Amino acid sequence: MTQHVLLAGSTGLVGSLVRARLAARPDIDLVSLVRRGASASGHEVDFEQLYETPEAFLKPLAPDGIDVAISCLGTTIRTAGSQPAMFRVDHDYVLAVARAARALGARQFILVTAVGAGGPGFYLQTKGAIERAVTDLGFARVDLIRPGFLLGGRAERRVWEAIGQRIFAALTPIMLGPLSRYGAIPAETVADAIVTLIGNAAPGRHLHENAEMRRLSQATRVSG
């Protein structure tokens, strides 16, 4: 049975891996949204226009509707240039995608946020706000993906992130118990977990942190 899947944020570290995995699946009808000017393949969109008229903008791209929507959209204050600009991407654009997907029949929404979402600081508060907003839209199932420090190569060079990856990779084996949720996790593991969750029929709001994502990723490899 074909699953109609919408993916937003398919040029980032996790999103690009999810897109590659889904593009190879004959049972997946994938609609991948990319920002204008992006080098990755997909439907180039103006996210401001999508925000203004989400359903009308998306419907021509998904005439058969949407079963599952995935958001890997996200930026940083440094990349966006300001807190309001980051909020626009991490909250407003994600919410626009979710509203459009819900209007087109999606029963499941998979959202990549961050460990500690809803905690102190602008970044975590933004992540908590979008988790609540998406949950309130009435999807039958919402999967909240909360990875720790992501490991993997990005298209753009981020010197301090590369240094942080080495530090967290070294510290992760000794981050036990409650601290393990903050440890490093490969982007490939997160992508595998997302793919495993697609089409899960169990309703409700489900949190997935490092340990659960590793379990889901292993299940993907075994079934594959």
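The values are calculated or read from the model by the stated rules, or taken from the named source; none is laboratory data. Since the structure is predicted, the reported quantities are computational estimates derived from the model, not experimental observations. Here the Cβ positions follow ideal geometry from the backbone for every residue, glycine too, while neighbour counts run over all protein chains shown. Calculation scope for accessible area: heavy atoms of the full protein, side chains included, ligands and nucleic acids excluded. Shrake-Rupley method; radii C 1.70, N 1.55, O 1.52, S 1.80 Å.
Some observations on this one:
- Remark: A40 matches the filter, which requires a residue to be part of a loop (DSSP other than H, G, I, E, B) and at pLDDT below 90.
- Criterion (of a type outside the set (D, E, K, R), at pLDDT 85 or above and either surrounded by 15 or more Cβ atoms within 10 Å (Cβ to Cβ) or within 21 Å of D27 (Cα to Cα) (or both)) met by exactly one of G224, G148: G148
- Listed conditions (1) outside any loop (DSSP other than H, G, I, E, B); (2) of a type in the set (A, V, I, L, M); (3) modelled with pLDDT of 95 or more; (4) surrounded by 21 or more Cβ atoms within 10 Å (Cβ to Cβ) are all met by L58, apart from (3).
Each row is one residue, and each column tells you yes or no for (1) open to solvent by less than 10 Å² (accessible area, probe 1.4 Å); (2) closer than 15 Å to Y182 by Cβ; (3) without any contact (Cβ under 8 Å) to a residue 40 or more places away in the chain; (4) not in a strand (DSSP E or B).
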| position | (1), (2), (3), (4) |
| --- | --- |
| F87 | no, no, yes, yes |
| A100 | yes, no, no, yes |
| F109 | yes, no, no, no |
| G116 | no, yes, no, yes |
| Y123 | no, yes, no, yes |
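- Number of the exception - T79 against (1) under 17 Å from R107 (Cβ atoms); (2) of a type outside the set (G, A, S); (3) without any contact (Cβ under 8 Å) to a residue 60 or more places away in the chain: (1)
- Scanning the range 197-215 for residues that are open to solvent by less than 50 Å² (accessible area, probe 1.4 Å) and either more than 23 Å from G118 (Cβ to Cβ) or of a type in the set (G, A, S) (or both) gives I198, G199, A202, G204.
- Test: residue in the range 27-38 that is of a type in the set (K, R), more than 21 Å from L111 (Cα to Cα) and surrounded by fewer than 17 Cβ atoms within 10 Å (Cβ to Cβ): yes
- For the range 39-55, the set of residues classified as open to solvent by less than 70 Å² (accessible area, probe 1.4 Å) and touching a strand residue (DSSP E or B) at 6+ places or on another chain (Cβ under 6 Å) consists of A40, G42, V45, listed by residue number.
- Taken over the range 75-85, the criterion of being open to solvent by 50 Å² or more (accessible area, probe 1.4 Å) and assigned to a loop (DSSP other than H, G, I, E, B) is satisfied by G81 alone.
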